[in-house]
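Participant: Starting off with a structure, shown below.
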Amino acid sequence: MFVSLNWLKNYVDIDQLTPEDLAERITKSGIEVEGIERFAQASTNVVVGYVESCEKHPDADKLNLCQVNVGEETLQIVCGAPNIAEGQKVAVAKPGAVLPGNFKIKKAKLRGVESNGMICSLQELGVEEKYVPKEYATGIFVFPEDTEVGADATDVLNLDYIIIELGLTPNRSDALSMLGVAYEVAAILDVPIRLPQTSLRHSDEVAEDHVSVRVEAPEVNPYYGALVVRDVKVGPAPLWMRNYLMAAGIRPINNVVDITNYVLLEYGQPLHAFDYDKFGSNEVVVRKASEGEKIVTLDDVERTLSAEHLVITNGKEPVALAGVMGGADSEVSDTTTNVLLEAAYFDGQTVRKASKAFDLRSEASNRFEKGVDPNRVREAGVRACQLLSEYAGATVLSGVVEFDQMDYSEKKVTIWTDKINDRLGTSISSDEIADILRKLHFNFEQDGETFVVSAPTRRQDIVIFEDMVEEVARIYGYDNLPFTLPQGGTQAGGLTKAQELKRHVKRFLEGAGLSETVTYSLTSKERAEQFVSPEVKEATVSTVSLAMPMSEEHSTLRVSILPEMLTSAAYNLARKQADVAYYELGSIFITDEEKVTRQPEEKLRLAGALTGQWLTHPWQQEKKPVDFFVAKGILEALFASLKVDVTYKQAKIDNMHPGRTAQIFVGDRKIGFVGQVHPATQKAYGLKETYVFDVDFDYLLEIHHNEPSFAVIPRFPSVSRDIALVVDETVPAGAVQAVIAEAGGDLVKDIQVFDVYQGEHLEAGKKSIAFSLFYQDPERTLTDEEVEASYQAILAEVAKHFGAELRG
Amino acid sequence: MKEQLQALEQEALAKVEAASTLQELQDVRVAYLGKKGPITEVLRGMGKLSAEERPVIGELANTVRGNIANAIDEKKAGIEAEQLEKQLAEEQIDVTLPGRPVAVGGPHLLTSIVEEIEDLFIGLGFEIKEGPEVETDYYNFEALNLPKGHPARDMQDSFYITEELLLRTHTSPVQARTMNALEDKRPVKMICPGKVYRRDTDDATHSHQFTQIEGLYVDKNVRMSDLKGVLDRFAKQMFGEDREIRLRPSFFPFTEPSVEMDISCKVCNGKGCSVCKGTGWIEILGAGMVHPRVLEMAGYDPKEYSGFAFGMGPERIAMLKYGVDDIRHFYTNDLRFLKQYHQA
Ligand SMILES: [Zn+2]
């Protein structure tokens, strides 16, 4: 809402404050002032001039040579405006004038003829083109005939308006009117308010003889008032009114339309003017549209209606879409003489449905949607008639023809001084509360510390006690509230075990060299089907997609963190950041329904991606590119830190390198995978060799038990034995290790692979794997016989399982 | 015999003196002090001596041995020190060459901000709660006093999946879920950080996905001045002890009264500048006293309980605190951005 301070001054005295101070007071009390603007930048030395004569320039067809009386002198001015004519009163920038944009006016010669100034358009005086009345849009502005010659033109135009822009929250629709803003400012500054006087001289003719009103949908149209005016002279509205409209961002059209817009801004009540003679009947019937019914609105677009839309009809066909837009047929034009004026209350939701369906949001629909003041509807109609009679020469027929089932009652809200103070933490007295209510112009009955407040109908936001707490607090001043800390019982805040573990894992991976990412949860349908870990795939029936995505890129909820993470990695690669090491801990979304009806399951996954060099030390010529074992090593250390035992098995997973991917298990449970991205997928993402992992973090949380414990530091020495086994090259080391662990018994505390060999010293198709075995008994020193027995048992078992032989 | 021993001593000491390696010293030791050495040889002839001479010569022999041994030890220490000196000189490196880089990662800036805020509120006795990102219409809107048809829950503003399911537009539903889940309706003091989603076209100041931290305190006799006190603590810890806060009336369907909290502009100290658009204040968060309908729907009697709630955006806080100029930086994961915030 744009509020011109010049206009506001008509209702409240604000001269004691600077615009900035006023803006701050308004902001602090409840409505945010989003900006203070000057409607047009100041011009100097621009006066009203009278065009005494206007002739063609001798050497230029499009220019005119004008003699312009500017009061104390007559200036010869060359003017190129198409609408210049003898007898006009115009704005003249005299030599030495400065126009907005620091445009300085000097004496000049135009095609050999002396020109002593410039005749100005509104745009040249700083008015935005979209607000300039159409008839002046391509030429100079013409003052009314009675304007005084020689007067300061910017004063007459009143263009040095200061406008404050209010950012209204949805509850404060009362401030969508100048009067609403005036009430607010009056309460804040504690100054009186002056309301417009709507005295009216009626003719003897009675409106009821010329129109009838019938409402068939009173639940969405509880009040409809029809007023009739005769003998309207359509023409420009008075200059001051046009200026007010322009300052509020509305382009002046003609006096009839401008008056309805002026009242809309003043009262917050939208009105509609029909050409009475083109209305098509003398009965107004308001009803729900029938399905498929059509209306051509005054923007000349045919609209197909449905049963949820409300229409004004002439008893036969729609003439207006209620609260949204009038019909083209009954539009007021230059030839209109009789006007049927509508002042009505339309239900907000009904108006919203129509304005949304046809994308016709307007000043009017906006106000109906937010709710207009029931007690101002009729009055606004009367106010418009008064202005039509004053500024359009109209004769107002007597009476308002109306349908009226409106609830005019004021809501009663009871408040208590002590309860207000309890809620605010203040000690405001009952007298102060009474004073605040008086400033707000709220009626109330006081009984000691109890107030029964009648919330005025303009303030539809006030319904319950808490609403009044806010009213009292904001006028009392939020700055005056004390600072306290909660006095309730102290409770120890803290992280849950799971939250602590999440932080542990993050710090661990960061210490291991990974940078945390935050990627989008919404991805493309195609990417949502990539890198799906087998255990996720088993639990998923379909992906979860938005009903109305903004783009295909962000249409589907992720089933893996990896696709968006790899997109980020590729983003870095494209910017010469070739070494990427990422992790992310976040939710994926899976559903067991073909078509989603319930909330999808949200599973926490821990994912990572690594590409480029893992270690580089240039001057020592050391380079270690990321490989499978870098990624796996990070996971192994993480699992060790979480005390989780996992196993790895070769696996084929979508979008992964078939030979370089391991599925991860805890016992028989699948918990994720680690491996290289499939070269084809790497290429599609714009990546080089990239390794990723994706782990079920919920399951890790579930099985993790961080019981404090202490393992005795062994007092007896450990014994180590090495064993090199020759097996078929297809036998996985992990499988051999598992058999060794099983066969070796409890005394084997650790098994480490220290060499893998394949080559000329071995038979083709064979490989040798060398393990170090560490034996220990916490209770005593081991004997050679015990170790030897275990060693032999291991040899027997690996021979049985894999045909393994000791390497000679 | 005496002369013989003294001559041997002189001869040995001269050889010790002349030795330049540990091996030569060892040779001297073996030659003069070994079991087959000349001193032992001399002592073997002691039997021919008189009873008076024998102890004198014995003592002299021991002295000679001792002197030779000492000289050898001394010389040895000298040679060893010399060798070490030489070795150290050879081992010198150029300490100005760069060290081997250590792979260093770190948390995302949003995580750092969220954890900082979490820790701050944990210190004030708050717990941390989490909730689903795909919410029901009921919890996202209705339970927060946004009934169906309310303008603030426009389909155009939210990512709906079905008519009843959508990506949460704020983390406030976690409040309602937490209160609902408490059978005994005891006081609640919680914050809930998380991802939220709105139908915004991504640009420098909008992101279809962003982060929110919602806070809630419900108890008997919670006052608006408590909200002001807690927010003041928050602002001072987060932005500096010299920051002032100001509350302005605002509107949210789930709080009444509702406020916006501003902090005094750090750039101009409240005098007004381009950062604060001349007002001296910068908007940080929205808050208010929990609406009685919200309490009621969660099973708390609004006659008995009151509370406050607040909601803030870590992206906005990060942008203000670190001068990040484009919200998209938080989601492109450019390492040049991420690594700026890995230092303590
Ligand atoms: Zn500033």
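The values are calculated or read from the model by the stated rules, or taken from the named source; none is laboratory data. Just so we're clear, the structure is a prediction, and the values are computed from it rather than from any experiment. No Cβ is skipped: glycine too gets one built from the backbone with ideal geometry, and neighbour counts run over all protein chains shown. In case anyone asks, the SASA skips ligands and DNA or RNA and just uses the protein heavy atoms, side chains included. Shrake-Rupley method; radii C 1.70, N 1.55, O 1.52, S 1.80 Å.
Participant: Would you mind telling me which numbered condition in (1) touching a strand residue (DSSP E or B) at 6+ places or on another chain (Cβ under 9 Å); (2) hydroxyl-bearing (Ser, Thr, Tyr); (3) within 11 Å of another protein chain (Cβ to nearest Cβ) residue B:264 fails?
Facilitator: (3)
Participant: Take the residues in segment A:331-356 that are of a type in the set (Ser, Thr, Tyr) and either without any contact (Cβ under 8 Å) to a residue 40 or more places away in the chain or within 18 Å of residue A:218 (Cβ to Cβ) (or both), then tell me which one is surrounded by the most Cβ atoms within 10 Å (Cβ to Cβ).
Facilitator: To start, the set of residues in segment A:331-356 that are of a type in the set (Ser, Thr, Tyr) comprises A:333, A:335-337, A:345, A:350, A:355.
Those still in the list that are either without any contact (Cβ under 8 Å) to a residue 40 or more places away in the chain or within 18 Å of residue A:218 (Cβ to Cβ) (or both) too: A:345, A:350, A:355.
On the way: A:345: 25, A:350: 22, A:355: 21.
Top of the filtered list is A:345.
Participant: A follow-up question, please. Is it the case that residue A:328 is in contact with a Ser or Thr (Cβ under 7 Å, 6 or more places away or on another chain) and over 22 Å from residue A:221 (Cα atoms)?
Facilitator: The answer is yes for residue A:328.
Participant: Can you find a residue in segment B:201-215 that is within 13 Å of chain A (Cβ to nearest Cβ), open to solvent by less than 10 Å² (accessible area, probe 1.4 Å), within 16 Å of the ligand (Cβ to nearest atom) and in contact with a strand residue (DSSP E or B) (Cβ under 6 Å, 6 or more places away or on another chain)?
Facilitator: Just the residues of segment B:201-215 that are within 13 Å of chain A (Cβ to nearest Cβ), to begin with: B:201-203, B:206-211, B:215.
Remaining after also requiring open to solvent by less than 10 Å² (accessible area, probe 1.4 Å): B:207-209, B:215.
Add one more test, that the residue is within 16 Å of the ligand (Cβ to nearest atom), and what stays is none.
The answer is no; no qualifying residue exists.
Participant: Then there's this: Going by the conditions given, is residue A:581 over 18 Å from residue A:690 (Cβ atoms) and open to solvent by less than 60 Å² (accessible area, probe 1.4 Å)?
Facilitator: Considered against the rule, which asks whether it is over 18 Å from residue A:690 (Cβ atoms) and open to solvent by less than 60 Å² (accessible area, probe 1.4 Å), residue A:581 comes out as no.
Participant: Among the residues of segment A:459-501 satisfying the criterion of being surrounded by fewer than 19 Cβ atoms within 10 Å (Cβ to Cβ), over 30 Å from residue A:640 (Cβ atoms) and of a type in the set (A, V, I, L, M), which is nearest to the other protein chains (Cβ to nearest Cβ)?
Facilitator: Ranking the candidates gives A:485 first.
Participant: Would you point out the residue of segment A:504-525, among those that are among the charged types (D, E, K, R) and more than 7 Å from chain B (Cβ to nearest Cβ), that is nearest to the chain's Cα centre (by Cα)?
Facilitator: The extreme case among them is A:525.
Participant: Can I ask one more? From the list B:24, B:9, B:3, which residue is open to solvent by 80 Å² or more (accessible area, probe 1.4 Å) and part of a helix (DSSP H, G or I)? Give the steps one after another, and end with the answer.
Facilitator: Numbers: B:24 fails: open to solvent by 80 Å² or more (accessible area, probe 1.4 Å); B:9 fails: open to solvent by 80 Å² or more (accessible area, probe 1.4 Å).
Going through B:24, B:9, B:3 in turn, just one is open to solvent by 80 Å² or more (accessible area, probe 1.4 Å) and part of a helix (DSSP H, G or I): B:3.
Participant: Within segment B:174-181, does at least one residue satisfy the condition of being open to solvent by 10 Å² or more (accessible area, probe 1.4 Å), within 12 Å of another protein chain (Cβ to nearest Cβ) and over 27 Å from residue A:548 (Cα atoms)?
Facilitator: The answer is no; no qualifying residue exists.
Participant: If you don't mind, another one. Taking segment A:151-189 on its own, how many of its residues are over 40 Å from the mean Cα position of the chain (by Cα) and open to solvent by 30 Å² or more (accessible area, probe 1.4 Å)?
Facilitator: Number of matching residues: 3.
Participant: Quick one: residue B:40 ticks every box in (1) assigned by TED's automatic domain parsing to the domain that holds residue B:11; (2) exposed (fewer than 14 other Cβ atoms within 10 Å of the Cβ); (3) of a type in the set (Ser, Thr, Tyr) bar one, so which box is it?
Facilitator: Every listed condition holds for residue B:40 apart from (2).
Participant: Looking at residue B:317, is it surrounded by 17 or more Cβ atoms within 10 Å (Cβ to Cβ) and either within 19 Å of residue A:479 (Cβ to Cβ) or within 16 Å of the ligand (Cβ to nearest atom) (or both)?
Facilitator: Answer is no for this residue.
Participant: While we're here: Name the residues in segment A:228-247 that are in contact with a strand residue (DSSP E or B) (Cβ under 9 Å, 6 or more places away or on another chain), assigned to a loop (DSSP other than H, G, I, E, B) and open to solvent by less than 10 Å² (accessible area, probe 1.4 Å), would you?
Facilitator: Scanning segment A:228-247 gives a single hit, A:232.
Participant: Among the strands (runs of 3 or more DSSP E) lying completely within segment A:1-114, list those that include at least 2 residues that are in contact with a strand residue (DSSP E or B) (Cβ under 9 Å, 6 or more places away or on another chain) and away from every other protein chain (no Cβ under 14 Å).
Facilitator: Ranges flagged: A:2-4, A:44-57, A:60-69, A:74-79, A:89-99, A:108-110.
Participant: Considering each residue of segment B:237-283, count those that are part of a strand (DSSP E or B) and either among the β-branched types (Val, Ile, Thr) or within 14 Å of the ligand (Cβ to nearest atom) (or both), and give that number. Step through it out loud before you land on a result.
Facilitator: Our first condition is that a residue be part of a strand (DSSP E or B); within segment B:237-283, this holds for B:245-252, B:255-264, B:281-283.
After this cut, where a residue has to be either among the β-branched types (Val, Ile, Thr) or within 14 Å of the ligand (Cβ to nearest atom) (or both) as well, the list is B:245-246, B:255, B:259, B:262-264, B:281-283.
The qualifying residues number 10.
Participant: With respect to the numbered conditions (1) more than 9 Å from every other protein chain (Cβ to nearest Cβ); (2) more than 30 Å from residue A:507 (Cα to Cα); (3) not in a helix (DSSP H, G or I), which one is the sole condition not fulfilled by residue B:131?
Facilitator: Against the list (1) more than 9 Å from every other protein chain (Cβ to nearest Cβ); (2) more than 30 Å from residue A:507 (Cα to Cα); (3) not in a helix (DSSP H, G or I), residue B:131 comes up short only on (2).
Participant: What pairs can you find where one residue is in segment A:291-311 and open to solvent by less than 60 Å² (accessible area, probe 1.4 Å), the other is β-branched (Val, Ile, Thr), and their Cβ atoms are less than 6 Å apart, with a gap of 6+ or different chains?
Facilitator: These pairs meet every condition: A:303/A:295; A:303/A:297; A:310/A:220; A:310/A:350.
Participant: Of the residues B:23, B:10, which single one is over 24 Å from residue B:81 (Cα atoms) and not hydroxyl-bearing (Ser, Thr, Tyr)?
Facilitator: After ruling out the rest, the residue left standing is B:10.
Participant: Okay, next question. Which numbered condition in (1) within 14 Å of the ligand (Cβ to nearest atom); (2) outside any strand (DSSP E or B); (3) open to solvent by 20 Å² or more (accessible area, probe 1.4 Å) is the only one that residue B:233 fails?
Facilitator: (1)
Participant: Could you say which residue among B:62, B:140, B:70 is of a type outside the set (Phe, Trp, Tyr) and open to solvent by less than 70 Å² (accessible area, probe 1.4 Å)?
Facilitator: Of the residues listed, the single one that is of a type outside the set (Phe, Trp, Tyr) and open to solvent by less than 70 Å² (accessible area, probe 1.4 Å) is B:140.
Participant: In addition: For residue A:554, indicate whether it is in contact (Cβ under 8 Å) with a residue 60 or more places away in the chain and either facing chain B (nearest Cβ under 10 Å) or within 30 Å of residue B:126 (Cβ to Cβ) (or both).
Facilitator: No: the conditions fail for residue A:554.
Participant: State which residue is farthest from the ligand (Cβ to nearest atom) when the search covers only segment B:284-294 and only residues that are of a type outside the set (A, V, I, L, M) and more than 8 Å from chain A (Cβ to nearest Cβ). Spell out how you get there, then give the answer.
Facilitator: Of all residues in segment B:284-294, those of a type outside the set (A, V, I, L, M) come to B:286, B:288, B:291-293.
Filter again for more than 8 Å from chain A (Cβ to nearest Cβ), leaving B:286, B:288, B:293.
Values: B:286: 21, B:288: 26, B:293: 38 Å.
The extreme case among them is B:293.
Participant: Going residue by residue through segment A:115-129, is there one that turns out to be closer than 20 Å to residue A:75 by Cβ, out of contact with any helix residue (DSSP H, G or I) (no Cβ under 9 Å at 6 or more places or on another chain) and among the small types (Gly, Ala, Ser)?
Facilitator: The answer is yes; a qualifying residue exists.
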